[in-house]
Amino acid sequence: MQSNYLKPQNIRSILDRYGIKPSKGLGQNFISDDRILAEIVNLAQINRTETVLEIGPGFGSLTRHLALAAEKVVAVELDHKLFPALKDILHPYKNIQLVQGDILKLHPGELIPGGSYVVVANIPYYITSNLIRHILESDTKPKRIVLTVQKEIAERICSEKKGSLLSISIRIFGNPTILMEIPAKAFYPIPKVDSSVIQIELAKTPYINSNDLDNFFRIVKAGFSQKRKTLRNSLSPGLNLSTNDMEFILTGAGIDPMRRAETLDLQEWINLMDVFNNQRPG
């Protein structure tokens, strides 16, 4: 039965009880500090009218806190080995729906038919970029996204001075900010690096037309494909243009062809796409 008090979980004893070992391949590091789990829910501003899509619930450490705050929690877990334990642990919570599967192969709109939801997830490095794009480009977008990621990744995503492919991809849809830092010791097993919680507050509509998204990402990916090279030299092979034609397009967009991809902000990438679409030579 639910209550407003949650007995802290002991992740190590749960692993022993169910005979499970954390998977390095899946990047499994479970948050074991209940104060931090409660603070994540608080910072995510979850209320009793909202549905939460949680990705990677593990043993339900955060899921339990979300269930006390939200109207409903839909939790998607990839690891079929720990899924029975997850079901057992969360059985008392009647507002939690568990789904065993790969979130990258599932559609949020089908998981949450009502359409209005918030994403909360503690995700490993290897899935960060693909997961964020999968959620942001889905037909049914969340109101906001709250993610626990490696600290270095969080700083890269939220930096306004040094761009990255992931940062630019996110800023098309909204504004990312760092909410808090989590020390490595708050996880079990203890990872080698600290983590941060970030929030992506989504704009009502993307900053570019949805019909232009594929072309936009093609250009940005080409720019970051060879980050040490100048834009003229990194973009030309990726876009199948000569360096002279690429220089023409960059100049037309008001961008020095000798700059590098990481120095461009979102608006400059948008300007570059517009010129590429409308003023391509020949």
So is E39 surrounded by fewer than 20 Cβ atoms within 10 Å (Cβ to Cβ) and either touching a strand residue (DSSP E or B) at 6+ places or on another chain (Cβ under 8 Å) or free of Cβ contacts under 8 Å to residues at least 12 places away in the same chain (or both) or not? yes
Considering R228, R259, R218, which residue is part of a loop (DSSP other than H, G, I, E, B), more than 30 Å from V120 (Cβ to Cβ), of a type outside the set (G, A, S) and modelled with pLDDT under 95? R228
Test: S169 is surrounded by fewer than 20 Cβ atoms within 10 Å (Cβ to Cβ), polar (S, T, N, Q) and at pLDDT below 95: no
Can you find even one residue in region 217-240 that is in contact (Cβ under 8 Å) with a residue 60 or more places away in the chain and not assigned by TED's automatic domain parsing to the domain that holds V146? yes
In this structure, is L90 within 18 Å of the chain's Cα centre (by Cα) and among the aliphatic types (A, V, I, L, M)? no
Test N277 against the stated conditions and say whether it is surrounded by fewer than 16 Cβ atoms within 10 Å (Cβ to Cβ), on the phi < 0 side of the Ramachandran plot and in contact (Cβ under 8 Å) with a residue 24 or more places away in the chain. yes
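Could we say that I219 is of a type in the set (A, V, I, L, M), surrounded by fewer than 18 Cβ atoms within 10 Å (Cβ to Cβ) and closer than 19 Å to L166 by Cα here? Even if it seems obvious, please write down each step before you answer.
Details: of a type in the set (A, V, I, L, M): yes; surrounded by fewer than 18 Cβ atoms within 10 Å (Cβ to Cβ): no; closer than 19 Å to L166 by Cα: yes.
No: the conditions fail for I219.
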Of all residues in region 180-190, count the ones that are surrounded by 18 or more Cβ atoms within 10 Å (Cβ to Cβ) and out of contact with any Ser or Thr (no Cβ under 6 Å at 6 or more places or on another chain). 2
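Does G163 count as part of a helix (DSSP H, G or I) and either in contact with an Asp or Glu (Cβ under 7 Å, 6 or more places away or on another chain) or of a type in the set (D, E, K, R) (or both)?
Answer is no for this residue.
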Check on T205, outside any helix (DSSP H, G or I) and surrounded by fewer than 14 Cβ atoms within 10 Å (Cβ to Cβ): yes
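The values are calculated or read from the model by the stated rules, or taken from the named source; none is laboratory data. Everything numeric here is computed off the predicted structure, so don't read it as measured data. Neighbour counts are summed over all protein chains in view; Cβ atoms, including those assigned to glycine, are modelled from backbone coordinates with ideal geometry.
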